[in-house]
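The structure under discussion appears below in the form of structure tokens.
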There are 2 protein chains.
Amino acid sequence: MSNETVPKLTFWFEFASTYTYLTLQRIEDAAKSAGVELEWRPILLGPIFGAQGWDTSPFKIYPAKGAFMFRDLERRAAAYGLPFKREGILPVNSVMAARLAVAALEQSQGPAFCRRVSFAHWGEGRDISNADVLEDCARAAGFDPQALSARASDPAVKPRLRQNTEDAQSLGVFGAPSFTARGELFWGDDQLEDALAWARTGAMSPRNRSQPR
Amino acid sequence: MSNETVPKLTFWFEFASTYTYLTLQRIEDAAKSAGVELEWRPILLGPIFGAQGWDTSPFKIYPAKGAFMFRDLERRAAAYGLPFKREGILPVNSVMAARLAVAALEQSQGPAFCRRVSFAHWGEGRDISNADVLEDCARAAGFDPQALSARASDPAVKPRLRQNTEDAQSLGVFGAPSFTARGELFWGDDQLEDALAWARTGAMSPRNRSQPR
């Protein structure tokens, strides 16, 4: 057994991203089912979108795509049995949430914090740029909010968010959620299963061209 | 039986679109399996992208996205057991091909012509802005190339391509392949199954959040 290596997937995510909400509500269970270990890397899409010439969400810059995205999210959330609040701010300022996530992910309850932050915004319509909302999420995930906040501001921790974002860019990440495994990039909640398969096997599962999945 | 209505899906497609290639190679069988009748509507993405401020393929405007797309296409094509030629021209001038498709789709062999045109470009790396290539595709699908070309230029037929494109835009189509059923828009080869399910039932099939598909 000691020679077996556990397959790994790196998960690049941004709380302001609508599709990341779906992924955050299911990736822990999905990775566990697949026997894949996750590396959690919160990022900020602001600098990544800025490099593409965008100063806000592409869903605001391209209204037809934005209208599609909100309806698509509603349909997918319903298929997963999740609530979805269209009134979530787009794009919400997620810097504070992402900094806290970096600190939270030093602990085993880190993923629970991330799931709750995302759920607060897109599942409950709460504003995650608000420190009180983030404190509720920290508490609910078993953190002491003050201690978590102090750790997030620590000079040993704070630069990691920028580093994550730069690392993501250097791997070709241009949106969220994204996944990397064995040098391959996957993008979007609907590619989570493909990414997990790639982490395990170095290939996508063969697809039947004509059969409903 | 006479009271039963056959579920219908409208398929909006553009030969210059890479992801449309995957869909064209499988949509006939997939729709047949699902018991859904297809309405085929070739469109031009040029005017649709123009309305979004783009003068070429978004995969050229956003290089990180373009790099991802080509690799994603390779992976998906492999999973479907299809060849994929990166050297296909992006974006190829698809006006002549689309006009011929409008005329071909008046006949039962129309879908076969569309499938072959798409395969010639992205499966074989042939230039479908070339009239000789299109003649080969017409012949292979059982058409007389001269008669098809004449029909495509007929004043009763030629305006339909522009009409299709305008109709697509008015339904919120912003890319290809797109699918519409019961007032809902679906986008991308990976949403074909969802679109077929919606055409049948007015809902997406419930998804297990954590199980590999």
Residue list for segment A:50-65, restricted to those being touching a helix residue (DSSP H, G or I) at 6+ places or on another chain (Cβ under 9 Å) and more than 10 Å from chain B (Cβ to nearest Cβ): A:Asp55, A:Thr56, A:Ser57, A:Phe59, A:Lys60
Answer yes or no: is there a residue in segment B:149-169 that is basic (Lys, Arg) and in contact with a Phe, Trp or Tyr (Cβ under 8 Å, 6 or more places away or on another chain). no
Which number in (1) within 14 Å of chain B (Cβ to nearest Cβ); (2) touching a residue at least 40 places away in the same chain (Cβ under 8 Å); (3) farther than 24 Å from B:Asp190 by Cα marks the one condition that A:Ala31 misses? (3)
Select from segment B:165-213 the residues that are of a type in the set (Val, Ile, Thr) and either within 7 Å of chain A (Cβ to nearest Cβ) or assigned to a helix (DSSP H, G or I) (or both) and write down the one among them that is surrounded by the most Cβ atoms within 10 Å (Cβ to Cβ). B:Thr165
May I ask you to say which residue of A:Leu100, A:Leu134, A:Leu45 is at pLDDT 95 or above, crowded, with 20+ Cβ neighbours inside 10 Å and under 28 Å from B:Trp54 (Cα atoms)? A:Leu45
Within segment A:102-134, the residues that are part of a helix (DSSP H, G or I) and without any contact (Cβ under 8 Å) to a residue 12 or more places away in the chain are A:Asp132
Within segment B:66-86, identify whether any single residue is of a type outside the set (Gly, Ala, Ser), away from chain A (no Cβ under 14 Å) and under 21 Å from B:Arg41 (Cβ atoms), and answer yes or no. no
Residue identified as among the charged types (D, E, K, R), closer than 21 Å to B:Trp12 by Cβ and not in a helix (DSSP H, G or I) among B:Arg86, B:Arg41, B:Arg76: B:Arg41
Which condition breaks for A:Lys60 when tested against (1) in contact with a Leu (Cβ under 9 Å, 6 or more places away or on another chain); (2) among the basic types (Lys, Arg); (3) not in a helix (DSSP H, G or I)? (3)
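The values are calculated or read from the model by the stated rules, or taken from the named source; none is laboratory data. On a predicted model such as this, the values are computed, not experimentally measured, just so you know. Because the Cβ atoms are built from the backbone with ideal geometry, glycine has one as well, and the counts that use them run over all protein chains shown.
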